[in-house]
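Everything below concerns the one structure shown next.
Any read-out appearing in this document is the output of simple, stated calculations on the displayed coordinates, not a laboratory observation. Fair warning: this is a prediction, and the values are worked out from it, not measured in the lab.
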Amino acid sequence: PIGAHRDDAGRLVIGGVDAETLAATYGTPLYVVDESDARARARRLLAAFESAAASVGTGVTVYYAGKAFLSSEIVRWVTGEGLAVDVCSGGELAVALAAGADPARIGFHGNNKSPAEIERAVGAGVGAIILDSEIEIERVAEAAALAGRVQRVRLRVNSGVHASTHEFLATAHEDQKFGVSLERAVELGTRIRSHASLEFLGLHCHIGSQIFDSAGFAESAERLLAAHAELARVAPLPELNLGGGFGIAYTSADEPTPIEQIAQGIADAVASACRDHGVPVPKLAFEPGRSIIGPAGVTLYTVGTVKPVPIEGGWRHYVSVDGGMSDNARTALYGADYTVRLAGRVSDELPALVRIAGKHCESGDIVVDADYLPHDVAPGDLLAVAATGAYCWSLANNYNHVPRPPVVAVRDGRARVIVHGETVDDLLARDAGLTATRTAPN
Ligand code: LLP
């Protein structure tokens, strides 16, 4: 995080609290989130998009994508900085509402929303439901009619732009589960308009995640604009939502384009396409998650064992820590890269090639595939893995009955738990064979 540095003794300090103190107080593994850093990123991103939108004569709404990491505290931070909230399940919706987010500034996503989720979203008065399929148009129209409401909706389309990222993270090509084909946008948009219980806000497209330049977004916007313009010529179509996906640096090899440049590139592409099609520039919307919360998070681990293994041309040190793929599934899932550092001390020893492994029962349980730590890294050392704020806690699991760690927020030298960790007793409490007899529903 921006607020992380080393003190005179070489110990890592995050948000004014030193890592050793955090580890001693809360134990490891521990997720640490730097509140000032997350807020600063939210502010910077909003300012970048507001100024880019204003330069082409329009406005913008920036939704924080809660899937990256959601808790009531995070909702308060991002809404406090002027962002709206994007949720994609009944659970995420419940957190946003419980945290006091304005329902009118919540967008509700999902490719297979349950009837109960749709009913809840409509009933809560969410500002937009993003229709992900043809089937869902009728479902939401009916639910809104039943509730006696007019529900604002967007239609998620695939622009056909294949973002250059991991296959599981690219989402706007045809052969995947999300959205409808761009070719059907006008037909389905017209169908949406035929329902009195729906108000059509505009098209939505999310091309993928961890994307480093504006070219894919611009290309996607240009493609969407043809359908947008056709629909806008029939009746006003106020918005265009281009999703999230702005990349962050996980290692020093990652060089994301500054968000101001990306925002301007997108705004210019939209404005120029609108000129070509002779339609007004719509209000823009974005849904960043990772770029706000990712770099603000650090995970602390304690080293348990170190095993040097001969490899071609030298040695690889397997450094096993007290967490693993249960608190960070990204390396195992996507081959993600991370950066690891000693957090409790500095060392003059020469660097050794390390692989940070977890404690789970499979060899793919890797947190950091390749990085360097001082040669004397040893059991008991405290390690910090950077940029774990997004999609780590939210993808956390209980593989091998390992409890999920707590999340601690740091700010101005103070730390507080914002999500409690689990204990083994918590896990045992859910084992029906160990708790009071439960009768099956009849
Ligand atoms: N909007 C939509 C419709 C999305 O599907 C996503 C991410 C976002 C916004 C936010 O994207 P972001 O700005 O955070 O890149 N678990 C994967 C990432 C999955 C992204 C899913 N959708 C990972 O850990 O890399």
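Under a cut-off of 17 Å between alpha-carbon atoms, report the aspartates and glutamates in cross-link reach of Lys113, not counting same-chain residues fewer than 8 places apart.
Candidates past the 8-residue exclusion: Asp86, Glu92, Asp132, Glu134, Glu136, Glu138, Glu142.
Run down the lysines and flag those whose C-alpha is under 30 Å from the C-alpha of Lys359, throwing out any fewer than 8 positions away in its chain.
Within reach: Lys67, Lys307.
With only alpha-carbon atoms counted, please give the Rg and Dmax of region 236-346, in Å.
Both quantities, over Cα of region 236-346: 21.4, 66 Å.
Per residue and in Å³, how big is the convex hull formed by the alpha-carbon atoms of region 33-100? Intermediate values should be presented prior to the final figure.
On the way: hull volume 5.4 nm³, N = 68.
Convex hull of Cα atoms, per residue: 80 Å³.
Roughly what percent of Cα-Cα pairs across the chain reach past 31 Å? Can you show the working numbers first?
Details: 43492 of 97461 pairs.
Value for the chain (Cα pairs over 31 Å): 45 percent.
For the chain, give the share of DSSP beta bridges that are antiparallel, in percent and rounded to the nearest 5; count only bridges with both residues there.
Numbers: 37 of 74 bridges.
Rounded to the nearest five, the antiparallel share is 50 percent.
Post the alpha-carbon centroid distance, region 1-67 to region 247-285, in whole angstrom.
22 Å
Membrane-span-like helices in the chain: DSSP H runs reaching 18 Å or more (Cα, own axis), mean Kyte hydropathy at least -0.5? Could you put the intermediate results ahead of the total?
Working: long enough: 35-55 (30 Å, -0.29); 134-146 (19 Å, 0.44); 215-234 (29 Å, 0.35); 259-277 (27 Å, 0.15).
Within the chain the helices that satisfy the rule are 35-55, 134-146, 215-234, 259-277.
Based only on Cα atoms, what Rg/Rh ratio does region 56-288 have, Rh being taken as Kirkwood's radius?
Numbers: Rg = 16.8 Å, Rh = 17.8 Å.
Ratio of gyration radius to Kirkwood radius: 0.95.
Determine the percent antiparallel among the DSSP beta bridges restricted to region 56-288, to the nearest 5.
Details: 1 of 30 bridges.
Close to 5 percent.
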